[in-house]
There are 2 protein chains.
Amino acid sequence: MSKLTIALDIMGGDHGPPVTLPAALKAIQQHSELHFILCGKETLIAPCLQSLTTEQRERISIAHCEQVVEMGESPRSALRTKKSSSMRKAIELVDEGVADACVSAGNTGALLTLAFYILKTLPGVDRPALISMMPTVDHHKVFLLDLGANVNCTAEILFQYGVMGSVLAEQISGIQRPRVALLNVGEEDIKGNAQVKHADQLFRQAAEINYIGYVEGDDIFTDNADVVVTDGFTGNVALKSSEGLAKLVINELRQHSQANIFTRLMAKIALPLLKSIYNRVNPDQYNGASLIGLRGIVVKSHGNASSDAFYYAILEAMKEARIGVPEKIKNKIETVLLEQL
Amino acid sequence: MSKLTIALDIMGGDHGPPVTLPAALKAIQQHSELHFILCGKETLIAPCLQSLTTEQRERISIAHCEQVVEMGESPRSALRTKKSSSMRKAIELVDEGVADACVSAGNTGALLTLAFYILKTLPGVDRPALISMMPTVDHHKVFLLDLGANVNCTAEILFQYGVMGSVLAEQISGIQRPRVALLNVGEEDIKGNAQVKHADQLFRQAAEINYIGYVEGDDIFTDNADVVVTDGFTGNVALKSSEGLAKLVINELRQHSQANIFTRLMAKIALPLLKSIYNRVNPDQYNGASLIGLRGIVVKSHGNASSDAFYYAILEAMKEARIGVPEKIKNKIETVLLEQL
């Protein structure tokens, strides 16, 4: 396979190098086409590379960065006062065409702001979106966006999100003419706020998009749609409230499991299953959420991610880089906009 | 206990009289202070009352109504063309002071529209809200509003919702100085849309309300707050997506339960527990959601409710009538508004 270069923000996340470096080492050992630029403190990174072979070591370069964007830091502060942060460097390498994609487990707000500021959006895209796959019944997957990049969405932005989501479902999941739906409070035409109703009209005019109309919150977890579009406020609340419910279920089962030998056996079987569902609903914990609509690839791993989760986020970045997701989105947006002329 | 009169929309819901009448009969048998006005088709209702004692029968009157608001009917059509519907009659009886409260399992949109049109909002309240209790870890309860009465909420409306929710948590759950929180996409001050940020300021100025700031979606199911306030769009999506996740969990456990004798045993213990959680997350299925902020009490039972669920909705209406919820809300809103002068 042809060479792929990924820039990693080694310092990002709740744990930093102890989590990100093992994932990087694993990836470099398993994928011979992969090259890394590790952004962070050289004194922390270099000693950890000694277990690699010379060939593997040669596929890694270190971009030393003095600064780290803190997890609680405001996006404004990250943008203004952290000009040599590892997060910023990783994004800049994508912008300069040196890296094909970047991955960070750092502060989401700062990552969104820096990526938007440095990479800019694609032509025809007003705002980037945070997208991830949600599990559904029958082991189908639904792309849900926006998960919180943009809390105020006009109808046009919602429409662009639908186009972008459609590209991901087609390219990443291989779905022909993915079914795109708008999240609403009812399936009837009269339901919803002004932006959603207007976005519905925009979708109906776009023959390029397989728009299926409104779905409700519970449809996120059914296979009624392949792409569910909503604003970043609602999407974030839907994601987090589902996580919250999953935690509640795990908690209740655990409490009940202490009653007797049968309930303890029940818990032994049910809890691992529930935890796997929880991890799938908390998708950036698993394989990362992608920031799309930008001129480069940015994958966000969860701040509290394990090495395994960070490794999956690297795989996701590799996949998007091979596909050339930004180019595919650009082409689709162009086609849809031309269609409307 | 002093006499309580409740108007029931007997025709409402997916099933109508076969579900609503048994609930009414059970309630009249168990609560000697209770009087009912049963709104609906007399020919359907009268024969079902024969099992009652004379004393019980005397506490029931029938308000014959020719029309029924259909489940899929638009609110506009219900308002304009169904002037003698059972739903409308039940609300009118509250408006006329003949009934202390009403209960319907009918079409939510129509119920909201008719109740708003007929009863009007209390002074200082711009819009009614749909509120219900959500389960949390440690068997605490959180009042969540708005669940879909009003998809576009200004900061002022969100603030009024917080005041109303606070009254319910205090009066119904007996919580002293209930903790009121705004649902947001992060806990930091900079997060959120304009309405939420402005509502945050309004709450901070109201010493009468125990405002604790922002919470995120997963906090709906923790005991971090007693009242969680959001607009009807987000609240509805949060509720429905949590329901969807609960269905997914039940579905996955059921699929896995077929593997062997141990997994079947696991399912036998875990599934009833999960279903009870599902029913609690789907709260109007259980004890009804209340429409608050109006000059009268309207309790909404789920369209697909069982007789048990409709019975619980009746109990909820009795509780609110005894407390005099609208009066309590009116007083609290007045106090808060005076404080701001």
query: Does any residue of the range A:260-283 turn out to be small (Gly, Ala, Ser) and in contact (Cβ under 8 Å) with a residue 40 or more places away in the chain?
result: no
message: Quick check on my filter: what residues within the range A:301-321 are of a type in the set (A, V, I, L, M, F, W, C) and open to solvent by less than 10 Å² (accessible area, probe 1.4 Å)?
response: A:Ala305, A:Ala309, A:Phe310, A:Ala313, A:Ile314, A:Ala317, A:Met318
message: Looking at the structure I just gave you, is B:Lys197 under 16 Å from the mean Cα position of the chain (by Cα), surrounded by fewer than 19 Cβ atoms within 10 Å (Cβ to Cβ) and within 13 Å of chain A (Cβ to nearest Cβ)?
response: no
- prompt: Does B:Ile292 satisfy being touching a strand residue (DSSP E or B) at 6+ places or on another chain (Cβ under 7 Å), open to solvent by 10 Å² or more (accessible area, probe 1.4 Å), of a type in the set (A, V, I, L, M, F, W, C) and within 18 Å of B:Leu182 (Cβ to Cβ)?
  reply: no
query: Identify, please: which residue in the range A:135-160 is buried (at least 22 other Cβ atoms within 10 Å of the Cβ) and polar (S, T, N, Q) and is, among those, nearest to A:Leu239 (Cα to Cα)?
result: A:Asn150
Yes/no for B:Met87 being open to solvent by 50 Å² or more (accessible area, probe 1.4 Å) and farther than 19 Å from B:Ser306 by Cβ: no
message: Out of the residues in the range B:31-75 meeting the condition of being over 30 Å from A:Lys191 (Cβ atoms) and touching a Ser or Thr at 6+ places or on another chain (Cβ under 6 Å), tell me which one is least open to solvent (accessible area, probe 1.4 Å).
response: B:Ile37
- prompt: What number goes with the only condition from (1) open to solvent by 70 Å² or more (accessible area, probe 1.4 Å); (2) over 29 Å from B:Val196 (Cβ atoms) that B:Leu253 does not pass?
  reply: (1)
- prompt: What single numbered condition from (1) open to solvent by less than 10 Å² (accessible area, probe 1.4 Å); (2) more than 25 Å from A:Thr108 (Cα to Cα) fails to hold for A:Asp9?
  reply: (2)
- prompt: Out of all the residues in the range A:12-30, which are outside any helix (DSSP H, G or I) and exposed (fewer than 13 other Cβ atoms within 10 Å of the Cβ)?
  reply: A:Asp14
message: Restricting to the range B:210-232, name every residue that is open to solvent by less than 10 Å² (accessible area, probe 1.4 Å) and away from chain A (no Cβ under 14 Å).
response: B:Gly213, B:Asp226, B:Val227
task: Quick one: in the range A:170-194, of everything that is within 14 Å of chain B (Cβ to nearest Cβ) and exposed (fewer than 15 other Cβ atoms within 10 Å of the Cβ), which residue is farthest from A:Leu144 (Cα to Cα)?
output: A:Ile190
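The values are calculated or read from the model by the stated rules, or taken from the named source; none is laboratory data. What you see is a predicted model, and the numbers here were worked out from it, not measured in a lab. Cβ sites come from the backbone with ideal geometry, for glycine too, and all protein chains shown count toward neighbours. Heads up: the accessible areas ignore ligands, DNA and RNA and are worked out on the full protein's heavy atoms, side chains in. Shrake-Rupley method; radii C 1.70, N 1.55, O 1.52, S 1.80 Å.
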